[in-house]
Each structure stands twice: as structure tokens, then as C-alpha cells.
1. May I ask which residue of L104, L93, N121 lies farthest towards the positive end of the charge dipole of the chain, with charges of +1 (Lys, Arg) and -1 (Asp, Glu) on Cβ and the Cα centre as origin?
2. Of I22, I86, how do they rank once you tally other Cβ atoms within 10 Å and put the fewest first?
3. Defining a contact as two alpha carbons under 8 Å apart and six or more residues distant in sequence, what relative contact order in percent does the chain show?
4. What list do you get for W30, W39 if you sort them by fewest beta carbons within 10 Å?
5. Give me the one-decimal nm value for the distance between modelled label points at H38 and T106, 7 Å along each residue's Cα-to-Cβ direction.
6. Among Y69, Y11, rank each residue by its count of other Cβ atoms within 10 Å, from fewest to most, as a rough exposure measure.
7. Let's test this: bin the Cα-Cα distances of the chain at 10 Å from zero up to the farthest pair and state each bin's percent.
Amino acid sequence: MPRRVAVRQQYMDRAIPQFVGIPAPAVTCWTTAHSDVHWANLTEPLRLLDWEGWGRAPEGVDAATLYAYTLLQPDAAARVRYVFPILGSQAGLAAEATVCAQLLQTVARGDNLVLENQLRNWSEKLRRR
């Protein structure tokens with residue numbers, strides 16, 4: 001049975017320098033990820049929906065994705081960063097840079113334009129880490 005992959009190293013090596021402006025950070029831990037955790041894929045009681053993109057990804061990709069989709073709400077974004085300490089850590093840098101690059105790539109295609117300024121601010125913070 002083939003191993004499912006949500007994020008490929010080759011993608012990271014190409015997209016992170018292009019969209020975030022740093023070399024792709026080393027991945028310290030690859031793990032299984034949903035890879036599309038955002039508020040529309042979460043229910044109460046807590047369940048994750050929409051699993052078609054799951055697979056192997058850098059540790060923290062799910063937390064970074066949820067964080068990205070919370071950027072328009074600073075208090076909620078701060079809470080996500082608090083709840084998921086991988087965010088802001090050296091180990092989480094690969095996940096954050098990957099998700100930031102993925103979403104900036106969608107902005108370049110005309111999607112997620114409402115997040116553009118916040119994503120660019122996030123990429124600036126990632127360049128300073």
C-alpha cells in the first residue's frame with residue numbers, strides 16, 4: 001500500500017524560498033496530518049471533517065493551518081499559538097513556512113486575497129526567526 005503524503009519535501013524546497021523568502025527549514029519530525037484544518041472542517045462536539053488531503057507532513061502543519069485561517073482575528077490567532085506550542089518553536093518552523101507558502105501561492109492565483117496582508121506579515125516574521 002502506498003504511503004500517503006500531504007506535503008512533499010520537493011514542494012517545500014521550491015515554494016518556501018519563492019513565497020516566504022527563506023530556505024526550506026529542516027523538518028525534524030514527519031507525522032500524519034489532516035493538512036486542511038480550518039474552522040469549516042471542525043465541528044462541535046470536536047470532529048475533523050474532510051480528510052481527502054491527509055498524509056505525511058511536517059509536525060505542526062495542522063496547527064499552522066488553523067493559525068493561518070485565524071489571522072483575521074488576532075485574539076483567536078494568539079489563542080491558537082498558545083494552545084499549540086509547536087508554533088513559534090524551531091521544530092515548527094518548517095510547518096509554519098510550508099503553510100504560509102501554500103497560502104501565499106493561492107493568493108498569487110487570486111484566492112484567499114482577504115488573508116494576503118496577514119500572510120505577508122507572517123512571512124516577514126518567519127524570515128526573522
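Any read-out appearing in this document is the output of simple, stated calculations on the displayed coordinates, not a laboratory observation. Here the structure is a predicted model, which means the values were calculated and not measured. For neighbour counting, all protein chains shown are included, and Cβ atoms are generated from backbone atoms with ideal geometry for every residue, glycine included.
1. Of L104, L93, N121, it is L93.
2. I22, I86
3. In percent, rounded to a whole number, it is 28.
4. W39, W30
5. It works out to 0.3 nm between the two label points.
6. Exposure proxy ranking, most exposed first: Y11, Y69.
7. It works out to 13, 47, 35, 5, 0, in whole percents.
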